[in-house]
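Q: One structure is given below, represented as structure tokens, and several questions about it will come after.
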Amino acid sequence: MAQILMIISAADTLPLADGSTHATGYWAEEVAASHKVLTEAGHTVRIATPGGARPTVDAISLDERGGVDAAAAAAFTAYLDSIEEDLAAPLDLAAVHAADYDALYLPGGHAPMTDLADDSRLGALLADADSRGQVIAALCHGVAGLLSATKEDGSFLFAGRSLTGFTDEEENQGGLGDQAPWLVESRLTERGADVKTGPAWSDTVIVDGNLITGQNPQSSVTTAKQVLAALPDA
């Protein structure tokens, strides 16, 4: 069965446009639902963060402020509790190697905008994985992590590739709005990606070769299922 590396942000705050900070972390559904789909299919999922730091769940992703009802929040919390050992002691992103995995998976929450978007170690890992044709999946704000990957000439590794992610419309409707330090969709477009989006809050997943991206939390399960379909063992 496949070995999958889930790369989660270690950040728990995001600097805002006005200079203040916003408490954040990973989005519960994106980690829990994705991890569940992948492991229930029999694959092994390891978790890595920058510095091997324990990741923080975004509190908003477990209550109605994030559009999550009590039953769903309880289910996500229970699943995260079941993988507590892995979340408490993740691998150090700097010490992992693409050759040891069949797929890389980047869930979101606003936190990746703080650390993963410009993490050179992540960028090198993504470039290595892409050169090997390995599956690279990113979800919602997790696609911000793709921005860390550049070619030798400094251009964006995924320029010209079709992908999706949390849209500017969604950020303005139910995200940080004009307090966001930058917008994921706009930044990816500026860097040359062919960003394709569905209606706000729709389950939208884009597959471009080995690159699989999901638009938002609602796309978590479908993104993980597309990874299953793309894995060598599928």
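Q: For the chain, give me the percentage of DSSP beta bridges that are antiparallel, rounded to the nearest 5 percent.
A: Rounded to the nearest five, the antiparallel share is 30 percent.
Q: Got a number for the accessible area of residue 64? Probe 1.4 Å, square angstrom, nearest 10.
A: Approximately 150 Å² of residue 64 is accessible to the 1.4 Å probe.
Q: Separate question: Any chance you could look up the accessible area of residue 113 with a 1.4 Å probe, heavy atoms only, rounded to 10 Å²?
A: Probe radius 1.4 Å; accessible area of residue 113 about 10 Å².
Q: Expressed as a whole number of Å, what is the distance separating the alpha-carbon centroids of region 154-169 and region 5-61?
A: 20 Å
Q: Run lengths n ≥ 4 of DSSP H only: what is the helix-derived mean residue ellipticity at 222 nm for the chain, with -39500 (n - 2.57) per run over all residues, to the nearest 500?
A: So the helix-based figure for the chain works out to -8500 deg cm²/dmol.
Q: With the Cα gyration tensor of region 1-95 giving a ≥ b ≥ c as the square roots of its eigenvalues, does the rule (a/c under 1.5 for rounded; else a/b larger than b/c for prolate; else oblate) give rounded, prolate or oblate?
A: Since a/c reaches 1.5 but b/c is at least a/b, the shape of region 1-95 is classed as oblate.
Q: Another question, then. Charges at C-beta only: +1 for Lys and Arg, -1 for Asp and Glu. How large is the resulting dipole of region 116-234 about its Cα centre, in Debye rounded to 20?
A: 320 debye
Q: With every protein chain in place, what's the accessible area of residue 79 (1.4 Å probe, Å², nearest 10)?
A: 40 Å²
Q: Could you work out the relative contact order of the chain, using alpha carbon pairs under 8 angstrom and six or more residues apart, expressed as a whole percent?
A: 22 percent
Q: Please name which of 140, 173, 150 has its Cα lying farthest along the dipole of region 120-175 towards the positive end, using unit charges on Cβ (Lys, Arg +1; Asp, Glu -1) and the Cα centre as origin.
A: Positive-end residue among those listed: 150.
Q: Find, among the GluC sites (Glu not before Pro) in region 130-204, those assigned to loop by DSSP (not H, G, I, E, B) with at most 13 other beta-carbon atoms within 10 angstrom.
A: Sparse-neighbourhood loop GluC sites (Glu not before Pro): 152.
Q: Using a Cα-Cα cut-off of under 30 Å, which lysines could be cross-linked to residue 36, ignoring same-chain neighbours fewer than 8 residues away?
A: Here the lysines satisfying the reach criterion relative to residue 36 are 196, 225.
Q: Once you mark the trypsin sites (Lys or Arg not before Pro) that are in a DSSP loop and have at most 14 other Cβ atoms within 10 Å, what is the longest gap between them in the chain?
A: 1-131
Q: Let me ask something additional. Rounded to the nearest 5, what % of DSSP beta bridges with both residues in region 1-117 are antiparallel?
A: Counting DSSP beta bridges with both partners in region 1-117, the antiparallel share is about 20 percent.
Q: Region 73-120 to region 186-234: how many Å between their Cα centroids?
A: Measuring centre to centre over Cα atoms gives 17 Å.
The values are calculated or read from the model by the stated rules, or taken from the named source; none is laboratory data. What you see is a predicted model, and the numbers here were worked out from it, not measured in a lab. Glycine also receives a Cβ, built like all others from the backbone with ideal geometry; neighbour counts cover every protein chain displayed. Each accessible area value is taken on the protein alone, full model and side chains, heavy atoms only, with ligands, DNA and RNA left out. Shrake-Rupley method; radii C 1.70, N 1.55, O 1.52, S 1.80 Å.
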